[in-house]
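See structure below.
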Amino acid sequence: MSVYRDVSATISVHGLVKVYRSRRRRLRALDGVDLEVGPGEVFGLLGPNGAGKTTLVKIVLGLTRPTEGAVRIRGANPDHASARLKVGYLPEGHRFPGYLSGVAALRLFGRLAGVTEGVLDSRIPELLDLVGLADRGCDRIGRYSKGMTQRLGLAAALIDRPEVLLLDEPTDGVDPVGRRHIRDVLLAERERGTSILVNSHLLSEVERTCGRVAILDRGRVVREAAIDELTRGGLRFRVRAEGGVVEPATPVPGVGLTRCNGYLDVEAESLDALNALLDALRRDGRLLTEVTPLGSDLEDVFVKLVGGGQPPTPRAAGGGAQ
């Protein structure tokens, strides 16, 4: 019997194994995956191609069955139709009939979801405005760009106000304005209490929208943590001074210094050592203009975990990849 860590979790995955078999080979797509997504949480699912992300999403949706392990969505087995009520899904590379208008497509999906005509009359304009398509709803989808089609797909996934939202590459092919629309929608859904699982390769967007992530590699979770925990730096700092900065006249124990384009990259053994360095620079007559903690962006962490183990490039903590 599986023991769940959080009975309030909207999505619970424990000991999940999926093995595909053919006459010639046996592929272990998932190998003991554990994760949970709580109410009002945006959770990122990351990994290289072939890591098992799409397989995991299909199992959560009940589209395929696990070889081993247990999955619960809204407390129920995804094999049961009741578990899939109030679940929105945006698949990667989705298609709409090009002859339909955006309004007609949303009405079709709303009817399939059991939404009444009266509710759809108000819900469709609301969603088109939400995703930035208010002025294009009556246009044929065949005239939409890829980014517009992607935003329409998100609107379709939201048609019946889902409690769970599963998104597979939601910003694929979307321009910066469209990505902003999608990001704002996800953050608004989070505030509404929706549980959101995002599978994406666009790590800068994941870093801006997700609270926690799981990084998969070869079917296993190699790291699960909050974004802040993953990108937090150690005792490394960028120090600048007016007119440029150089090492202090008297060496300071407990700090390593590297000069980089007019600033010092400082690695300190302790905060006391850092402050001793700053005091020494002031004694040398330096007017300090910046002392910034250094961290790593999510892409650096991802590459380190699954792409060869190269050390991450430092960045100013609190900043995001652009």
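Cβ-Cβ below 6 Å, separation at least six or inter-chain, first residue in the stretch 179-203 and within 16 Å of residue 213 (Cβ to Cβ), second of a type outside the set (A, V, I, L, M, F, W, C) and in a helix (DSSP H, G or I): which pairs?
183/209; 186/209; 199/53; 203/299
Any residue in the stretch 32-54 that is under 15 Å from residue 13 (Cα atoms) sitting within a Cβ distance under 8 Å of a residue that is of a type in the set (Lys, Arg)? List the pairs, counting only those 6 or more apart or interchain.
As it stands, the answer is 32/220; 33/220; 36/5; 43/212; 44/212; 45/53; 52/18; 52/218, since those pairs meet every condition given.
Restricting to the stretch 140-151, name every residue that is aliphatic (A, V, I, L, M) and either in a loop (DSSP other than H, G, I, E, B) or at pLDDT 95 or above (or both).
141
Please list, ordered by residue number, the helices (runs of 4 or more DSSP H) wholly in the stretch 46-132 having 1 or more residues that are closer than 18 Å to residue 199 by Cα and among the basic types (Lys, Arg).
The helices (runs of 4 or more DSSP H) meeting that bar are 53-60.
Output yes when any residue across the stretch 189-203 is among the hydroxyl-bearing types (Ser, Thr, Tyr) and over 30 Å from residue 49 (Cα atoms), and no when none is. If you could, list the steps in order and put the result at the bottom.
Within the stretch 189-203, the subset among the hydroxyl-bearing types (Ser, Thr, Tyr) is 194-195, 200.
Pick out the ones that are also over 30 Å from residue 49 (Cα atoms) and you get none.
Scanning the stretch 189-203, I find no residue that is among the hydroxyl-bearing types (Ser, Thr, Tyr) and over 30 Å from residue 49 (Cα atoms), so the answer is no.
Here is a check on your reading of the model: is residue 307 out of contact with any Asp or Glu (no Cβ under 8 Å at 6 or more places or on another chain), under 30 Å from residue 221 (Cα atoms) and small (Gly, Ala, Ser)?
Taking the combined requirement at face value, the residue satisfies it.
Looking at residue 123, is it more than 28 Å from residue 54 (Cα to Cα) and crowded, with 19+ Cβ neighbours inside 10 Å? Steps first, please.
On the way: more than 28 Å from residue 54 (Cα to Cα): yes; crowded, with 19+ Cβ neighbours inside 10 Å: yes.
Taking the combined requirement at face value, the residue satisfies it.
So which of 65, 72, 140 ends up being surrounded by fewer than 18 Cβ atoms within 10 Å (Cβ to Cβ), among the basic types (Lys, Arg), more than 23 Å from residue 172 (Cα to Cα) and touching a helix residue (DSSP H, G or I) at 6+ places or on another chain (Cβ under 9 Å)?
On the way: 72 fails: surrounded by fewer than 18 Cβ atoms within 10 Å (Cβ to Cβ); 140 fails: more than 23 Å from residue 172 (Cα to Cα).
Testing whether each residue is surrounded by fewer than 18 Cβ atoms within 10 Å (Cβ to Cβ), among the basic types (Lys, Arg), more than 23 Å from residue 172 (Cα to Cα) and touching a helix residue (DSSP H, G or I) at 6+ places or on another chain (Cβ under 9 Å) leaves just 65.
Any chance the stretch 77-98 includes a residue that's aliphatic (A, V, I, L, M), without any contact (Cβ under 8 Å) to a residue 60 or more places away in the chain and surrounded by fewer than 15 Cβ atoms within 10 Å (Cβ to Cβ)?
Yes, some residue in the stretch 77-98 is aliphatic (A, V, I, L, M), without any contact (Cβ under 8 Å) to a residue 60 or more places away in the chain and surrounded by fewer than 15 Cβ atoms within 10 Å (Cβ to Cβ).
Name the strands (runs of 3 or more DSSP E) wholly inside the stretch 199-307 in which the number of residues that are at pLDDT below 85, surrounded by fewer than 18 Cβ atoms within 10 Å (Cβ to Cβ) and not aliphatic (A, V, I, L, M) is 1 or more. Walk me through it before giving the result.
Working: elements: 212-217, 220-226, 236-241, 255-260, 263-268, 288-295.
Once the strands (runs of 3 or more DSSP E) in the stretch 199-307 are filtered for at least 1 residues that are at pLDDT below 85, surrounded by fewer than 18 Cβ atoms within 10 Å (Cβ to Cβ) and not aliphatic (A, V, I, L, M), what remains is 255-260, 288-295.
The rows are residues; the columns are (1) among the charged types (D, E, K, R); (2) under 17 Å from residue 131 (Cβ atoms).
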| site | (1), (2) |
| --- | --- |
| 174 | no, yes |
| 177 | no, yes |
| 193 | no, no |
| 208 | yes, no |
| 211 | no, no |
| 214 | no, no |
| 222 | no, no |
| 226 | no, no |
| 232 | yes, no |
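Only one of these is among the charged types (D, E, K, R), surrounded by 19 or more Cβ atoms within 10 Å (Cβ to Cβ), more than 27 Å from the chain's Cα centre (by Cα) and more than 27 Å from residue 29 (Cα to Cα): 107, 111. Name it. It would help to see each step written out before you state the result.
On the way: 111 fails: surrounded by 19 or more Cβ atoms within 10 Å (Cβ to Cβ).
Exactly one of 107, 111 is among the charged types (D, E, K, R), surrounded by 19 or more Cβ atoms within 10 Å (Cβ to Cβ), more than 27 Å from the chain's Cα centre (by Cα) and more than 27 Å from residue 29 (Cα to Cα), namely 107.
What do you reckon, is residue 196 modelled with pLDDT of 95 or more and under 16 Å from residue 45 (Cα atoms)? Step through it out loud before you land on a result.
Values: modelled with pLDDT of 95 or more: yes; under 16 Å from residue 45 (Cα atoms): yes.
Yes; evaluated as a whole, the condition is true for this residue.
The values are calculated or read from the model by the stated rules, or taken from the named source; none is laboratory data. All of these numbers come straight from a predicted model, not from anything done at the bench. Quick reminder, even Gly has a Cβ in these numbers, built from the backbone with ideal geometry, and neighbours come from all protein chains shown.
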